[in-house]
Amino acid sequence: MPDQSDAAQAAAETQQMLVECRALLADDHFVYISGDHGSGWVDKDAIFVDLQRVRQLTQLLAAAVRDLKTEILCGPATGGLIVAQWTAYELGLPAVFAEHTQPRTSQQLRGEFTFHRGYDRLVTGRRVLVVDDVVNTGLSVRQTVAAVQAAGGEVVAAAALVHRGNVDAAGLSVPEYRYLMEYDIPDWTAAECPLCRAGVPVNTRYAHGQDYLDAQQQRAADA
Ligand SMILES: O=P(O)(O)OC[C@H]1O[C@H](OP(=O)(O)OP(=O)(O)O)[C@H](O)[C@@H]1O
Ligand SMILES: O=C(O)c1cc(=O)[nH]c(=O)[nH]1
């Protein structure tokens, strides 16, 4: 376990890098992959285009998980895949990814994460670290954990660059959960969203706003 001053230093460095690339968005109306809504968004796409920054962030994450005696890393595609691969490189370990190949439905913005490409065989009997870029409701990590366990892997922990403040290790179904920084911005289920009630337009440039509006239209057409 990294000591507290190292963790505080890593959080400060992470926050500074995310502010520099304008990845921390607030005071708007976003739709998340879980279907929840919120006023903030961690724009990981602004991080991933700068490989020096990805390298620095994943060096910090690697330092935070080095003691876990992991044998292989696994992330949900797409953001988790990128962070899992770069972190694995820093640790000198292999990495695989889970992906959602089922199409989006009018009820769900995406399908479930499962293994393809024979990657299930690479986690069988191994100590696995599940890695995501941002953990919000934890749905993506939980589905990835379930895929690893179904394949006979042992999940030792989950790790992320950014924790949105909504879930803990128990909620992720993992023994330990480590992250570099917390960005705790309000979010709600779609039904309880005060921004919807106030008529604030959904942001369609970032996050999943456009898919949400398309699905709404589809439901109206199906009714
Ligand atoms: O904790 P959760 O509620 O599951 O939310 C977090 C997930 O949402 C994002 O993925 P997203 O589907 O937005 O995009 P991506 O395909 O670019 O990773 C992010 O990369 C995490 O995987
Ligand atoms: O819940 C999500 O989908 C999510 C939230 C967030 O802040 N950033 C992100 O990339 N995904």
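The values are calculated or read from the model by the stated rules, or taken from the named source; none is laboratory data. Worth saying up front: this structure is predicted, and the values here are computed from it rather than measured. Note: ideal-geometry Cβ built from the backbone for every residue, glycine included; neighbour counts use all protein chains shown. The area values use the complete protein model at the heavy-atom level, side chains included, leaving out ligands, DNA and RNA. Shrake-Rupley method; radii C 1.70, N 1.55, O 1.52, S 1.80 Å.
Things worth noting here:
- Element breakdown for region 4-222 at a 1.4 angstrom probe: carbon and sulfur atoms account for 48% of the accessible area.
- Summing Lys and Arg as +1 and Asp and Glu as -1 over all other residues whose Cβ lies under 14 Å from the Cβ of A170 gives a net charge of -1.
- Summing charges over all other residues whose Cβ lies under 11 Å from the Cβ of M181, with Lys and Arg as +1 and Asp and Glu as -1, gives -2.
- Each Lys or Arg adds one and each Asp or Glu takes one away; over the other residues whose Cβ falls under 12 Å from the Cβ of D133, this sums to -1.
- Global geometry of region 86-191, whether rounded, prolate or oblate, following the gyration tensor of its Cα atoms and the 1.5 cut on a/c: oblate
- Highest GNM mean-square fluctuation among V96, V167, V131, for the chain modelled with Cα contacts below 10 Å: V167.
- Dipole magnitude for region 50-99: computed about the Cα centre from +1 point charges on Lys and Arg Cβ and -1 point charges on Asp and Glu Cβ, it is near 120 debye.
- The chain: most fluctuating residue of V156, V135, V145 per GNM, C-alpha cutoff 10 Å: V156
- Separation of region 132-146 from region 42-68 is 17 Å, based on Cα centroids.
- Scanning the chain for cysteines with no neighbouring cysteine C-beta under 4.7 angstrom from their C-beta gives C21, C74.
- Placing +1 on each Lys and Arg Cβ and -1 on each Asp and Glu Cβ, with no other charges, gives region 4-222 a dipole about its Cα centre of roughly 500 debye.
- Solution diffusion estimate, µm²/s, Stokes-Einstein, the chain, Kirkwood Rh from C-alpha pairs, 37 °C, viscosity 0.692 mPa s: 183
- Accessible area per residue for region 21-152, computed on protein heavy atoms with a 1.4 Å probe, is 43 Å².
- GNM top mover of L180, L195, L73 - the chain, alpha-carbon springs below 10 Å: L195
- Residue-averaged [θ]222 nm for the chain, counting only DSSP H segments that reach four residues, each worth -39500 (n - 2.57): -11500 deg cm²/dmol
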